[in-house]
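Encoded as structure tokens, the structure appears first; notes follow it.
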Amino acid sequence: MEIRLPENVKKIIDVLESNGYEGYAVGGCVRDSILGRRPNDWDITTSASPLQVKHLFPRTVDTGIQHGTVTVLMGKEGYEVTTYRLDGEYEDGRHPKEVLFTSSLTEDLRRRDFTINAMAYNESRGLVDVFGGREDIKNGVIRCVGEPEERFGEDALRILRAVRFSAQLGFTVEEKTAEAIRKLAANLNYISAERIQTELVKLLISPHPDYLRLAWEYGITAVILPEFDRAMETEQNNPHHCWNVGIHTLETLRNVENDKCLRLAALFHDLGKPLVRTTDEQGVDHFYGHAKVGCELASDILHRLKFDNDTIHKVKIYVNYHDVRPELTEKSVRKAVSRIGADHFSQIWKLKMADTLAQSPAWQPVKKEYLYRLDGIYQEIRKKKQCLTVKELAVNGRDLIADGMQPGKELGYMLNALLEFVLENPDCNEKETLLIRSRQIRINHPDGM
Ligand code: ATP
Ligand code: MG
């Protein structure tokens with residue numbers, strides 16, 4: 001087995017070895033190289049202590065020196081070099097309490113989560129695969145190193161990581177590993193929101209975001225995303241739908257482009273449905289107002305998982321507007337786009353298409369036709385450079401002041417009123433016309449707007 005190491009990685013390993021230490025590429029980069037995937041980053045494991053590593057390389061950063069990790073800088077790139085480690089006693093399902101170093105590569109590999117992540121490689125020794133990682137890669141299997149229950153008991157995040165790797169690689173989870181996951185999933189309660197967020201996002205932006213179903217089957221979502229379990233329990237007795245809310249969600253995830261905010265929005269778009277479901281006399285289910293309720297729910301979940309404000313802002317807008325259906329006229333589309341925000345409309349369109357593809361086949365041709373025509377009208381509006389925002393108006397606050405208006409919030413009301421006017425009359429976005437219009441508005445509303 002030969003792996004082509006990047007020059008910098010070779011150099012770092014060379015320096016370590018020519019000074020009497022061992023050095024290997026390890027973990028994800030070895031796994032990805034065997035799979036023919038491009039590794040995200042190259043981690044190095046070594047018998048040298050952190051201090052020794054710092055002595056050998058002129059430019060280093062103490063990234064996690066208490067865990068044995070020093071970042072070695074080569075040009076603009078940084079490489080994490082970590083001393084062979086045993087993880088010490090674990091508090092149940094939490095971070096290791098202490099870190100012990102070891103001189104044995106095998107011991108370092110033994111502390112790693114899955115066999116596919118527990119291989120090391122360098123040019124002098126070749127592939128070091130003590131736990132059968134290569135065979136598991138060949139068979140497409142996620143399997144714990146050692147006793148699964150013990151390993152998940154040490155660090156419950158591994159429970160979610162198993163599903164994440166399965167979704168990234170399209171692998172199955174080995175039976176004993178799966179059994180231990182089912183048994184210990186509740187331990188995810190002890191894991192910090194930040195660590196859960198990282199793994200959940202990696203799962204969602206993988207080639208198989210619908211493997212979230214596996215997380216549901218294992219009882220993982222019951223702990224980290226119980227709202228999804230409610231969706232799996234909510235039937236949709238309605239001619240537009242052929243699946244319950246949960247399965248429909250998984251299908252939408254599968255159909256939507258691989259973008260973090262879009263995938264999160266796909267996950268949340270219908271989570272409001274279980275809360276607003278009504279059934280009419282004919283026995284047909286309705287979900288009035290589910291987008292707005294879903295938007296609130298998405299906000300709660302995203303805050304709970306400690307997502308950043310930019311992500312929360314975007315996802316909320318996508319969820320809130322995923323069900324808008326403007327009439328197919330330029331005017332209605334202009335108004336809808338203006339209300340949603342031109343930046344978001346294209347993404348919401350993609351979400352709507354994915355949503356449609358996850359509904360009853362009978363209605364799909366009509367709905368797709370609608371969406372393509374909607375897009376056609378939107379493109380036309382863009383091509384004509386029609387004004388959709390206050391910023392694009394031919395007048396601004398300064399112009400209005402120069403025309404006799406007082407500074408203050410009245411200006412904002414006026415600009416919005418002018419935008420409404422221009423959305424109705426796209427050819428009127430000219431300075432003179434808008435100033436005349438603003439004077440008329442002021443005459444009609446002498447006490448302010
Ligand atoms: P990615 O491509 O997403 O970076 P990765 O396998 O490199 O995947 P990391 O989270 O970067 O995953 O971790 C690097 C390596 O450290 C893993 O391959 C694994 O060997 C080990 N590792 C990471 N997290 C854990 C954990 N919670 N328990 C045990 N070993 C872990
Ligand atoms: Mg990595």
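Numerical summary
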| quantity | calculated |
| --- | --- |
| Residues of segment 44-65 classified as buried (at least 20 other Cβ atoms within 10 Å of the Cβ), assigned to a strand (DSSP E or B) and of a type outside the set (Ser, Thr, Tyr), total | 1 |
| Condition broken by Gly68, with the remaining ones in (1) open to solvent by 40 Å² or more (accessible area, probe 1.4 Å); (2) within 16 Å of ligand 1 (Cβ to nearest atom) satisfied | (1) |
| Hits in segment 29-84 (condition: acidic (Asp, Glu) and within 14 Å of ligand 2 (Cβ to nearest atom)) | Asp32, Asp41, Asp43, Glu80 |
| Filter result for the condition that a residue is in contact (Cβ under 8 Å) with a residue 12 or more places away in the chain, open to solvent by 10 Å² or more (accessible area, probe 1.4 Å), within 17 Å of Ser360 (Cα to Cα) and among the aliphatic types (A, V, I, L, M), over Val293, Val284 | Val284 |
| Qualifying residue in segment 327-341 (condition: surrounded by fewer than 18 Cβ atoms within 10 Å (Cβ to Cβ) and closer than 17 Å to Lys316 by Cβ) | yes |
| Residue selected from segment 285-319 under the condition part of a helix (DSSP H, G or I) and among the acidic types (Asp, Glu), by the criterion farthest from His269 (Cα to Cα) | Asp310 |
| Unmet requirement for Phe101, which otherwise passes all of (1) aromatic (Phe, Trp, Tyr); (2) away from ligand 1 (no atom under 12 Å from the Cβ); (3) within 27 Å of Lys260 (Cα to Cα) | (3) |
| Lone qualifier among Glu22, Glu2 - being surrounded by 14 or more Cβ atoms within 10 Å (Cβ to Cβ) and either under 14 Å from Arg125 (Cβ atoms) or of a type in the set (D, E, K, R) (or both) | Glu22 |
| Residues that are of a type in the set (Asp, Glu) and either in a helix (DSSP H, G or I) or open to solvent by 70 Å² or more (accessible area, probe 1.4 Å) (or both), drawn from segment 399-449 | Asp399, Glu410, Glu420, Glu424, Asp427, Glu430, Glu432, Asp447 |
| Residue that is nearest to His303 (Cα to Cα) [pool: residues in segment 165-189 that are of a type outside the set (A, V, I, L, M, F, W, C) and surrounded by 15 or more Cβ atoms within 10 Å (Cβ to Cβ)] | Asn187 |
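For every residue, the table says whether it meets (1) within 16 Å of ligand 2 (Cβ to nearest atom); (2) out of contact with any Ser or Thr (no Cβ under 7 Å at 6 or more places or on another chain).
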| residue | (1), (2) |
| --- | --- |
| Arg134 | no, yes |
| Val141 | no, no |
| Cys144 | no, no |
| Pro148 | no, no |
| Arg158 | yes, yes |
| Val163 | no, yes |
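The values are calculated or read from the model by the stated rules, or taken from the named source; none is laboratory data. Because the structure is predicted, anything quoted here is derived from the model rather than measured. Glycine also receives a Cβ, built like all others from the backbone with ideal geometry; neighbour counts cover every protein chain displayed. Please note that ligands, DNA and RNA were not included when accessible areas were found on the heavy atoms of the full protein model with its side chains. Shrake-Rupley method; radii C 1.70, N 1.55, O 1.52, S 1.80 Å.
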